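*Asks:* Please see the structure below; I have some questions.
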Amino acid sequence: MNLHFTNQQIVCIAGIGQIILATCSITIPKILNWPGELSKVQPLIKQIFWTYACYILMINLCFGLVSAFAYADLCNGSRLSVLCTGFIAAYWISRILTQFFYFDRLSFPKGKWYMVGEALLVTLFIFLASVYSFTAYHNYQLL
């Protein structure tokens, strides 16, 4: 069996991964006890936090939808495809850097399932950063 994927198929798979990520992200507030933790802050801080969380959720979902349903357009070598895939690559690269160089790892939840969850998330983030970086470079070569 030959598992050869085209760039378009890989971008589509990345899109599906982002849609799954966005869907599963709905559970994060409960898993990390956001309501309990946010009860300690001023209402404005809480509102800003939830606003940012919703923006991130929607960005992840929209990146996924665009990638899953317009993968050919993201791989066509146009200036717009270079810019879009480059932006998505920068987004995921910054997410990886945040994971390792900004988050206080001592305050991460403990336990096997949390470690497995983090490993899966980081693997997905690296996959997404790689897919969109390669696609942006490939699109740039086609200009």
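*Asks:* Pop the C-beta distance of Tyr140 and Arg105 into the FRET formula with R0 = 35 Å and round what comes out to the nearest 0.05.
*Replies:* 0.50
*Asks:* Chymotrypsin sites (Phe, Trp or Tyr not before Pro) within segment 1-101: which are DSSP loop residues with at most 12 other Cβ atoms inside 10 Å?
*Replies:* Hits after loop and neighbour filter: Phe5.
*Asks:* Using 0.36 nm per residue of separation minus the Cα-Cα distance, give me the extension gain between Thr98 and Leu38 in nm, one decimal.
*Replies:* The span from Thr98 to Leu38 would gain 19.5 nm if fully extended.
*Asks:* Set Lys and Arg Cβ to +1 and Asp and Glu Cβ to -1, take the dipole of segment 7-142 about its Cα centre, and tell me which of Met115, Gly86, Asn60 lies farthest positive.
*Replies:* Going by the Cα projections, it comes out as Met115.
*Asks:* Then there is this: With the crude spin-label approximation of a point 7 Å out along Cα→Cβ, what separation in nm comes out for Ala90 versus Val122?
*Replies:* 2.6
*Asks:* Can you report the principal axis dimensions of segment 7-142 using only the alpha carbons, biggest first, rounded to whole angstrom?
*Replies:* The Cα atoms of segment 7-142 stretch 52, 33, 24 Å along their principal axes.
*Asks:* Loop only per DSSP, at most 10 neighbouring Cβ atoms within 10 Å: give me the trypsin sites (Lys or Arg not before Pro) in segment 88-130, ordered by residue number. Don't skip to the end; give the middle numbers.
*Replies:* Working: sites: Arg95, Arg105, Lys110, Lys112; in loops: Lys110.
In loop regions of segment 88-130 (DSSP not H, G, I, E or B), the sparsely surrounded trypsin sites (Lys or Arg not before Pro) are Lys110.
*Asks:* Let me ask another. Segment 1-93: which trypsin sites (Lys or Arg not before Pro) are DSSP loop and have at most 11 other beta-carbon atoms within 10 angstrom? Kindly include the intermediate steps, with their values, before the conclusion.
*Replies:* Values: sites: Lys30, Lys40, Lys46, Arg79; in loops: Lys40.
Sparse-neighbourhood loop trypsin sites (Lys or Arg not before Pro): Lys40.
*Asks:* Mind telling me which of Ser107, Ser94, Ser81 comes out most flexible in a GNM of the chain, alpha-carbon contacts under 10 Å?
*Replies:* Top of the fluctuation ranking is Ser107.
*Asks:* Quick one: compute the contact order of the chain, relative version, from alpha carbon pairs under 8 angstrom and 6+ residues apart, as a percent.
*Replies:* Details: 121 pairs, mean separation 51.0, N = 143.
In percent, rounded to a whole number, it is 36.
*Asks:* Sticking with the crude label model, points 7 Å out along Cα→Cβ, report the distance from Met58 to Thr23 in nm, one decimal please.
*Replies:* 2.1
We did not get these values from a lab; they are worked out from the coordinates using the rules stated. Model, not experiment: these values are computed from the prediction. Positions of Cβ are backbone-derived with ideal geometry, glycine not excepted, and every protein chain shown enters the neighbour counts.
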